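We did not get these values from a lab; they are worked out from the coordinates using the rules stated. Nothing here was measured: the structure is a model prediction, and the numbers come from that model. Note that each Cβ is placed from the backbone with ideal geometry, even for glycine, and that neighbours are counted across all protein chains shown.
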């Protein structure tokens, strides 16, 4: 079973979705359905977190580009990005990615 866990972990690290699904499907016949489900959920959390982070960064970049012509708007955007609550959300997203 440790070989399956190691290979699943390697597939998650490589973001190899087809291999992840293949290994997760091995868990139920081995009587480890809950463990397999938790492993897959952990992988999905990473995917959602990474995609959210990427989309957020792209949105900020677009906003910076559109506000760069207006110094007031750009300063407001910079202040918003420095807001601790926004940083908290970003940090929480990063923590989900690590789990």
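Couple of notes before you dig in:
- Footprinting exposure proxy for 53, 15 (fewest neighbouring C-beta atoms within 10 Å first): 15, 53
- Taken along the Cα-to-beta-carbon direction at a fixed 7 Å, the label points for residue 34 and residue 1 span 1.2 nm.
- Taking 0.36 nm per residue of separation and subtracting the current Cα-Cα distance, fully stretching the chain between residue 63 and residue 13 would add 14.9 nm.
- In terms of other Cβ atoms within 10 Å, 41, 4 run from fewest to most in the order 41, 4.
- Average silhouette area of segment 1-46, convex hull of alpha-carbon atoms, in square nanometres: 2.7
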